[in-house]
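The values are calculated or read from the model by the stated rules, or taken from the named source; none is laboratory data. Treat the numbers as computed from the prediction; the structure is a model and nothing was measured. A quick note on method: Cβ atoms are made from the backbone with ideal geometry, for glycine too, and the neighbour counts reach across all protein chains shown. These accessible areas exclude ligands, DNA and RNA; they are computed on the full protein's heavy atoms, side chains included. Shrake-Rupley method; radii C 1.70, N 1.55, O 1.52, S 1.80 Å.
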Amino acid sequence: MYPTLVLMLIVGAWSRSAIRQEANEADYMPKHDTNSEDYDHEAFLGHEKKVEFDSLSAKEAKERLQRIIPYLDEDGNGQISEDELHDWIKKQLMAYIMDDARNLHDGNDVNHDGFVSWKEYVATTYGLGFVDNEQQAPEDGEFDYREMILRDYNKFITADANGDQFLSLDEMAAFIHPEEFHHTRDLAIQENFNDLDTNKDGFVSVEEYITDLLADEEDEHVNKPEWIEIEKRNFLQHRDLNGDGSVDIDELREWLHPNGVPPALAEAKHLIALSDKDKDGFLTTAEIVNNFRVFVGSQATDYGRMLHNEL
C-alpha cells in the first residue's frame with residue numbers, strides 16, 4: 001500500500017532492547033468484528049491456530065475457565081482489575097506474534113547467524129533470480145512479483161528499526177505484523193488503505209469495502225443479501241465518520257485504532273463492561289464464571305498457550 005512510502009521509510013535508530021519493550025506493548029488483536037463473541041474469545045484465550053473445534057458443555061467450559069482465573073489475578077487479592085486483564089490479553093497476543101515471527105525468522109536465516117538479511121529473505125521467498133535485480137520484468141507468461149517484492153522491501157527496511165539492514169527476531173515480528181508496532185503501524189495502515197482503494201482515487205467507497213469482504217471465500221456469510229446490507233449500514237454509520245459516503249485514510253486509522261486506545265486495552269474494558277455486574281470496576285471469579293460465554297463460550301477451539309502450559 002504506497003504513495004507516502006518514502007516518508008514512512010525514514011525510521012529512527014531504536015535499539016533492540018527498545019524494540020523488545022515495544023513488542024511487549026504490541027496491540028495485536030484478532031481480525032474479527034470487535035462486537036462479536038469470536039473476537040472476545042480469541043483475545044482472551046490466545047490466537048493459536050485452530051485445527052479442530054472441541055465442543056464443550058457449559059459445565060466443562062466453566063471448569064476450564066475457573067482454572068485460568070488465578071493466573072489473571074497478579075496481586076492475589078481475588079479481584080481482576082482492568083490492568084490485570086489487559087496484561088493477560090497482551091501475553092496471549094504476544095505469544096502468537098513471537099511464535100509467528102520465530103517461524104519466519106528461522107526459515108529465512110539461511111546462514112544461521114541469528115539475523116535475516118534482505119537477500120536471504122528474497123532468495124528464500126522468491127528465489128535466487130530475484131536477489132540482485134528485484135525489479136526485473138517477467139518473461140511472457142510468468143507471474144510478475146515486482147509489486148510484492150517492493151511491498152516486502154518497504155516493510156523490511158521499516159521494520160529494521162536500528163537500520164543495520166538485518167532483521168533480528170524482534171524486528172521480524174514488526175515485519176510480519178507491522179500493524180502492531182509503533183514504528184511500522186503507519187505503513188500497515190497505508191497498505192490496508194491501498195488494498196481497499198482499488199480505483200486509487202484516495203477514498204474507499206462502500207462498494208470497494210463490500211468487494212473486499214466478498215473476496216474472503218472462507219467467510220460463510222458471503223453473498224448473503226441480508227449480510228451485505230448489514231455491512232453496508234455498518235460502513236456508512238460507523239466507518240464513514242464525516243458522512244460523505246466514503247472512508248479516507250484518517251477514518252481508516254480511527255477505524256483500526258478507535259480514539260487512539262490500544263486494542264488490547266479496549267478489549268479489556270469491553271470484557272469488564274460485559275461482566276462487571278456490580279459495576280465496581282473489578283471482576284470476581286463468580287462474575288467471570290457466571291458470564292463464561294463472554295470469555296470462552298460453549299464452543300471452544302483452543303485454550304491458548306498459557307492454558308495448555310499451566311493445566
In the full protein assembly as shown, how much of Glu60 is accessible to a 1.4 Å probe, in Å² to the nearest 10?
-> 80 Å²
Hz values of 3J(HN,Hα) by residue in region 152-163 - Karplus curve (6.51, -1.76, 1.60), Gly and Pro given as x | 5, 5, 4, 5, 4, 6, 6, 5, 6, 5, 8, x
Separation between the Arg151 and Ala215 pseudo-spin-labels, each 7 Å from Cα along Cα→Cβ, expressed in nm?
-> 0.8 nm
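If contacts are Cα pairs under 8 angstrom and at least 6 residues apart, what is the relative contact order of region 125-207 in percent? Intermediate results must be reported in sequence, preceding the final value.
Working: 52 pairs, mean separation 12.4, N = 83.
In percent, rounded to a whole number, it is 15.
Just subtract the alpha-carbon distance of Asp248 and Asp113 from 0.36 nm times their residue separation and send over the number in nm, one decimal.
On the way: separation 135, 0.36 × 135 = 48.60 nm, distance 4.28 nm.
Extra length from Asp248 to Asp113 when fully extended: 44.3 nm.
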Violating pairs (Cα-Cα greater than 28 angstrom) within the set Lys224/Lys279; Lys91/Lys269; Lys224/Lys277; Lys90/Lys155 | Lys224/Lys279; Lys224/Lys277
By its C-alpha gyration tensor, with a ≥ b ≥ c as the square roots of the eigenvalues, how is region 112-210 shaped: rounded for a/c under 1.5, else prolate for a/b larger than b/c, else oblate?
-> oblate
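Between Asn162 and His257, what length in nm is gained on full extension when 0.36 nm per residue of separation is reduced by their alpha carbon distance? Mind dumping the intermediate values first?
On the way: separation 95, 0.36 × 95 = 34.20 nm, distance 2.58 nm.
So the extension gain works out to 31.6 nm.
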For region 70-75, in order, what is each residue's ³J(HN,Hα) by Karplus, 6.51 cos²θ - 1.76 cosθ + 1.60 with θ = phi - 60°, in whole Hz (x at glycine and Pro)?
-> x, 6, 7, 7, 5, 9
Pull up all non-local amide H partners of Ile80: gap of 5 or more, or a different chain, and H-to-H distance under 5 Å with H placed in the peptide plane.
-> Leu283, Thr284
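What percent do you get for the relative contact order of region 161-205 when only Cα pairs under 8 Å and 6+ apart count?
On the way: 21 pairs, mean separation 8.7, N = 45.
Answer for region 161-205 is 19 percent.
When ranked by the protection proxy of mean other Cβ atoms within 10 Å per residue, highest first, what sequence do the peptides 159-166, 137-144 form? Can you show the working numbers first?
Values: 159-166: 18.0, 137-144: 7.2.
Highest-to-lowest ranking by the protection proxy: 159-166, 137-144.
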Note: region 56-161, point scatterers on Cα, Debye, no solvent; log10 I/I(0) at q = 0.17, 0.18, 0.20, 0.24 Å⁻¹ equals -0.87, -0.92, -1.06, -1.31
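Taking R0 as 25 Å, what FRET efficiency do you get between Leu274 and Glu207 from their Cβ-Cβ distance, rounded to the nearest 0.05? Don't skip to the end; give the middle numbers.
Details: r = 34 Å, r/R0 = 1.36.
FRET efficiency, Leu274 to Glu207: 0.15.
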Given a 1.4 Å probe and the protein chains all in place, what does the accessible area of Leu274 round to, in Å² to the nearest 10?
-> 70 Å²
